[in-house]
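Beneath this line is the structure, given in structure tokens, with notes to follow.
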Amino acid sequence: MSDLNHTYLEALQQARWERPDIAALKRTAEGSWLLESHSMTARLKRHCQDFDVDVLQVYQLTPDKLAEHEAALIGQEACVVREVVLKGDGKPWLCARTLMPASTLEGQGGHLHALGTEPLGQHVFKQRASRRDAIETAHVPCLSHQLYARRSRLWLHHRPMLVAELFLPNSPLYGKEAPA
């Protein structure tokens, strides 16, 4: 893993998550990104010709290694952690860290083990029994930037996952929205 990707992941894990004032956030340019309730992958893809996922690492996390605020959202159980960088036209746009509890990976969620470079959101939001809730946001100092981040709980077949996303400096969030 490159030093830069390590820096992004470290910054993401140090975020101080807060429940946003939804009404106030909706009035801001970044609000529609941070409050996106559907696939962030689909939204990002509208801004580029080529979309790629770099898988940084996938590893097991024992329940005792979960932060208290993480366990409060997904339960106190072993998780598979998937850390990725989403890129548009070769530029890193979003660094994401997903916690997938063991119970989520059972049964209908078993295929999540084999995502490879397939974006999680692209897969999850194809399923009828999927939704997003518990959106939290943060301002994260990283290198010489103040970056936006969000964390949300995804539900797939009524089982949770926790996704934290750091919008990197080249992200379309910081520019103008492309036409839908």
(message) For segment 75-83, check the following and say yes or no: at least one residue is of a type outside the set (Asp, Glu) and farther than 20 Å from Arg153 by Cβ.
(response) no
Apart from one, (1) open to solvent by 20 Å² or more (accessible area, probe 1.4 Å); (2) hydrophobic (A, V, I, L, M, F, W, C); (3) at pLDDT 80 or above all hold for Ala114; the odd one out is (3)
> Has segment 19-35 got at least one residue that is open to solvent by less than 40 Å² (accessible area, probe 1.4 Å) and touching a Lys or Arg at 6+ places or on another chain (Cβ under 7 Å)?
Replying inline: yes
Checked segment 123-144 for anything under 18 Å from Tyr8 (Cα atoms), open to solvent by 80 Å² or more (accessible area, probe 1.4 Å) and not small (Gly, Ala, Ser); matches are His139, Pro141, Leu143
Selection status of Pro92, closer than 14 Å to Thr137 by Cα and either of a type in the set (D, E, K, R) or buried (at least 18 other Cβ atoms within 10 Å of the Cβ) (or both): no
Residue pairs qualifying under the 8 Å Cβ cut-off, at least six apart or on distinct chains, with the first in segment 44-58 being closer than 19 Å to Glu83 by Cα and in contact (Cβ under 8 Å) with a residue 60 or more places away in the chain and the second being of a type in the set (Val, Ile, Thr) and open to solvent by 70 Å² or more (accessible area, probe 1.4 Å), are Asp52/Thr117; Val53/Thr117; Asp54/Thr117; Val55/Thr117
Restricting attention to segment 1-49, the residues that are over 18 Å from the mean Cα position of the chain (by Cα) and over 23 Å from Ser144 (Cβ atoms) number exactly 9
When every residue in segment 58-78 that is within 15 Å of the chain's Cα centre (by Cα) and modelled with pLDDT of 95 or more is compared, the one farthest from Ala15 (Cα to Cα) is Ile74
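Matching residues to (1) part of a strand (DSSP E or B); (2) more than 19 Å from Gly31 (Cα to Cα):
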| site | (1), (2) |
| --- | --- |
| Trp93 | yes, no |
| Ser103 | no, yes |
| Glu118 | no, yes |
| Gln122 | no, yes |
| Gln127 | no, yes |
| Arg131 | yes, no |
| Glu136 | yes, no |
| Pro160 | yes, yes |
| Leu166 | yes, no |
Subset of segment 36-59, residues part of a loop (DSSP other than H, G, I, E, B) and surrounded by fewer than 16 Cβ atoms within 10 Å (Cβ to Cβ), comes to Ser37, His38, Arg46, Gln49, Asp50
Cβ pairs under 9 Å, 6+ apart or interchain, first in segment 11-38 and of a type outside the set (A, V, I, L, M, F, W, C), second outside any loop (DSSP other than H, G, I, E, B) and open to solvent by 100 Å² or more (accessible area, probe 1.4 Å), ordered by first then second residue, are Arg16/His139; Ser32/Lys26; Ser37/Arg131
Note: among His6, His69, just one is farther than 19 Å from Pro160 by Cβ, assigned to a helix (DSSP H, G or I) and open to solvent by 70 Å² or more (accessible area, probe 1.4 Å), namely His6
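The values are calculated or read from the model by the stated rules, or taken from the named source; none is laboratory data. Please read all numbers here as calculations on a predicted model, not as lab measurements. Because the Cβ atoms are built from the backbone with ideal geometry, glycine has one as well, and the counts that use them run over all protein chains shown. What goes into the accessible areas is simple: the full protein's heavy atoms, side chains included, and nothing from ligands, DNA or RNA. Shrake-Rupley method; radii C 1.70, N 1.55, O 1.52, S 1.80 Å.
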